[in-house]
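Report on one structure; see the data block that follows.
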Amino acid sequence: MANSEIETRSSRWRKAMVGPLPNDFLRINSGVDAQVAADCQAAAAVYQQQAYPQYVAPNYVGRLSITCAQAKLARNYGITRMDPYVRIRVGHFVYETQTDPNGGKHPHWNREIQSQLAAGVNSIFIEIYDECSFKMDELIAWCEIKIPQSVMRGETHEEWYPLSGKQGDGLEGAIDIVLSFSNQPMQPYMYQTMGGGAPMLMVPPGRPMPIFVTPQQPPVTNTVMPPAPRQLSEEELKQIHEMFPNIDKEVVKSVFEANNGNKDATINSLLQMNE
């Protein structure tokens, strides 16, 4: 084999990559890829800002900030260390934190959640679950937290709240929760798409943050309803049917109603049908 051929082949393999390949290996970047990347960045921004709900409750009184810092649980359920996450319900709104993998009895989340607070909602409900791979997630502990009046006056309140569970009421450990309140309106985070399209509300990747609300009732207005169409009298029906004996009376009635009770328009429509 000639030396020039050996040099040519060796030069082809001079640049080598060692280790795992990147996600964009052998991928040709396109406008679609750029849009996907931009969408992911925007979703991450929404994930940080917790600006999910566009729906604003009609009895909205303010924004409640809930920080799930950490928990100290009484025991570890299962063979391996638990993967705990927190589910929070504020009225009709339900949120979830991220999972702390192998958090066991001492999970940390440090997750702040911004929730609407409706009039009459005085408590929030906390549930801690162990995320499972081959069965339904297991409920570990729970508690109800009364919103202190000092929070509603604008103060920040932090406390370790006792948890209930299989061990008994208040015997499943404790969770560190920080609460604060603001009467400022909720502002949904809108992301402008590439190409000048309509803005859209982004949904974050990973664990979903579901929001459950009661169906919105349509507002009651004083709108004047249009009058009901005039009914075709027996005499008028007889006259029209004599003009069009081949058309069934029920069809005549239907055409009359379709023309909003206009007799002349009904006759014109039947003439077209009879051609």
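The values are calculated or read from the model by the stated rules, or taken from the named source; none is laboratory data. Values in this document were obtained by computation on a predicted structure and should not be read as measured data. Virtual Cβ from ideal backbone geometry, glycine too; neighbours counted across all protein chains shown. For accessibility, only protein heavy atoms count, side chains too; no ligands or nucleic acids. Shrake-Rupley method; radii C 1.70, N 1.55, O 1.52, S 1.80 Å.
Heavy-atom accessible surface of region 234-273, averaged per residue, reaches 65 Å², computed with a 1.4 Å probe.
What is the extension gain from Phe125 to Ile247, computed as 0.36 nm multiplied by their sequence separation minus the C-alpha to C-alpha distance, in nm to one decimal?
37.2 nm
What is the percent carbon and sulfur in the accessible area of region 234-273, measuring with a 1.4 Å probe over the protein chains and ignoring ligands? Intermediate values should be presented prior to the final figure.
Details: 1150 of 2620 Å².
C and S fraction of accessible area: 44 percent.
Over every Cα atom in region 60-182, the radius of gyration and the widest Cα-Cα span, Dmax, amount to 14.4, 46 Å. Per-residue extension of 0.36 nm, minus the Cα-Cα distance of Phe134 and Gln239, leaves a gain of 30.3 nm for this segment. With protein chains left intact and a 1.4 Å probe, residues in region 98-142 average 52 Å² of accessible area per residue. Take the Cα of Glu159, go 7 Å toward its beta carbon, and the backbone nitrogen atoms of region 96-126 under 12 Å from that spot belong to 123-124.
Distance from the C-alpha centroid of region 87-129 to that of region 152-168: 12 Å, rounded to the whole angstrom.
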